[in-house]
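Have a look at the structure below, then the notes.
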Amino acid sequence: MKRILVTGGNKGIGKAICERLLQEWDNTHVILTARNAERGKSAVEDIIKTLNCSPERIEFLEMDVSSDESVKAAGAAFEKMSAGTALDGIINNAGIGWGYSTEETVNTNYFGVRRVNDAFGKFLKRPGGRIVHIASASGPNFVADLAKNDPLRKILGQPWTIEGSGAERVALLDQLAKETKTNNGYGVGKAFLNAYTHVFARMNPDLVINSCTPGYILTDITKGMGASNPPSKGAVPPCWLMMDESIAEEPTGRYYGSDCVRSPLDVYRGPGDAPYINDEDAK
Ligand SMILES: NC(=O)c1ccc[n+]([C@@H]2O[C@H](COP(=O)([O-])OP(=O)(O)OC[C@H]3O[C@@H](n4cnc5c(N)ncnc54)[C@H](OP(=O)(O)O)[C@@H]3O)[C@@H](O)[C@H]2O)c1
């Protein structure tokens, strides 16, 4: 069985990812995590019932990605419940939308992923384990809106040009993610997430690490904003990055559009537009 952990799995795209993993592949085991135990357990029950799936294939783990303590405790609980069985993949989906301070948003949407990878990366099967980050078109849009002479433009748009060891490059991203002043907390968090995806993939050449946007999907984050695509559609690109054989043959650390086509980090590429080609990142 392929054991895959999904953060923020109790509703929206995260829940749809859990469902798709169980429905489309019969060799998957899902660890659905959520910050609220009641909501998480109820989602697990609902998935078992609606998919008529074996309760053996899905389990719940409590984890609030915004909290160091909660993620560490989840890591310890996971170690106990897994009894040494490796994890095949992590899908970092948990995220918050608008209506929060930039600090809160970056803490969940960027540092939340950092925490989960730091705590759970050691459980991943090597070589071949996979990590998927759910980013957003708001990331490239944020970079595109930066002033032409803003040094952040190169750091976030071409993270392969950042100098130093992997640890130094991540430390720089962490520092800048904390210090960058903007009212667009959602965009900045997702732009840093994309840059970190590249750097973290280079630090872990034995893993397959990529990010994607799920597309514009009707969930609690986008309610009233005109989105109409169902969460099941948003689950397609992350599940593709987690499960497709061909992606393991490609250079990692890349960002994919909702059409599962490679996209740039510094400008929006829409579904159906020409693929982004640049192999500088793979050197
Ligand atoms: N919807 C879109 O159009 C769209 C577009 C681009 C990217 N995204 C990204 O897709 C991901 C899923 O969003 P969604 O649209 O499905 O929104 P959603 O329905 O609001 O789901 C967000 C999920 O993240 C969880 N979450 C939030 N903060 C958390 C924390 N601190 N710890 C653990 N879980 C937490 C939520 O749990 P609670 O129920 O406890 O709040 C919920 O399960 C996010 O990363 C979002 O940025 C969405």
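The values are calculated or read from the model by the stated rules, or taken from the named source; none is laboratory data. Keep in mind that what you see is a predicted model, and the values were worked out from it rather than measured. Backbone-built Cβ (ideal geometry, glycine too); neighbour counts: all protein chains shown. Heavy atoms of the whole protein, side chains included, go into the accessibility calculation; ligands, DNA and RNA do not. Shrake-Rupley method; radii C 1.70, N 1.55, O 1.52, S 1.80 Å.
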What are the residues in the range 244-278 that are in contact (Cβ under 8 Å) with a residue 24 or more places away in the chain and hydroxyl-bearing (S, T, Y), if any?
T252, Y255, Y256, S258, S263, Y268
Answer yes or no as to whether L146 is without any contact (Cβ under 8 Å) to a residue 24 or more places away in the chain and either among the hydrophobic types (A, V, I, L, M, F, W, C) or out of contact with any Cys (no Cβ under 7 Å at 6 or more places or on another chain) (or both).
yes
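Would you mind finding the one in V65, V143 that is more than 9 Å from the ligand (Cβ to nearest atom), open to solvent by less than 20 Å² (accessible area, probe 1.4 Å) and either assigned to a loop (DSSP other than H, G, I, E, B) or in contact with a Gly (Cβ under 7 Å, 6 or more places away or on another chain) (or both)?
Step by step, each of V65, V143 is checked, and only V143 is more than 9 Å from the ligand (Cβ to nearest atom), open to solvent by less than 20 Å² (accessible area, probe 1.4 Å) and either assigned to a loop (DSSP other than H, G, I, E, B) or in contact with a Gly (Cβ under 7 Å, 6 or more places away or on another chain) (or both).
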Taking the conditions exactly as written (within 12 Å of the ligand (Cβ to nearest atom) and either closer than 27 Å to G189 by Cβ or in contact (Cβ under 8 Å) with a residue 60 or more places away in the chain (or both)), does V113 satisfy them or not?
yes
For R254: the one exception among (1) within 15 Å of the ligand (Cβ to nearest atom); (2) within 14 Å of the chain's Cα centre (by Cα):
(1)
Looking only at the range 206-215, decide whether some residue is of a type outside the set (F, W, Y), under 26 Å from W25 (Cα atoms) and free of Cβ contacts under 8 Å to residues at least 24 places away in the same chain.
no
Scan the range 153-164 and report the pairs whose first residue is closer than 11 Å to A282 by Cα and whose second residue is open to solvent by 40 Å² or more (accessible area, probe 1.4 Å) and of a type outside the set (D, E, K, R), with Cβ atoms within less than 9 Å and a gap of 6+ or a chain change.
W160/A282
Just give me the residues in the range 84-132 being under 24 Å from L172 (Cβ atoms), of a type in the set (F, W, Y) and over 15 Å from the mean Cα position of the chain (by Cα), in sequence order.
none
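Quick grid of which residues meet (1) more than 10 Å from the ligand (Cβ to nearest atom); (2) open to solvent by 20 Å² or more (accessible area, probe 1.4 Å); (3) under 14 Å from V188 (Cβ atoms):
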residue	(1), (2), (3)
D88	yes, yes, no
G99	yes, yes, no
T105	no, no, yes
G121	yes, no, no
P127	yes, yes, no
A135	no, no, yes
S138	no, yes, yes
Of all residues making up the range 10-46, the number that are open to solvent by 20 Å² or more (accessible area, probe 1.4 Å), among the hydrophobic types (A, V, I, L, M, F, W, C) and in a helix (DSSP H, G or I)
2
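Regarding N52, is this residue out of contact with any helix residue (DSSP H, G or I) (no Cβ under 8 Å at 6 or more places or on another chain), on the phi > 0 side of the Ramachandran plot and modelled with pLDDT of 95 or more? Before you say what the answer is, go through the steps one by one.
Details: out of contact with any helix residue (DSSP H, G or I) (no Cβ under 8 Å at 6 or more places or on another chain): yes; on the phi > 0 side of the Ramachandran plot: yes; modelled with pLDDT of 95 or more: yes.
Against the criterion (out of contact with any helix residue (DSSP H, G or I) (no Cβ under 8 Å at 6 or more places or on another chain), on the phi > 0 side of the Ramachandran plot and modelled with pLDDT of 95 or more), N52 qualifies.
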Do the conditions hold for D206, that is, is it in contact with a Pro (Cβ under 8 Å, 6 or more places away or on another chain) and away from the ligand (no atom under 16 Å from the Cβ)?
yes
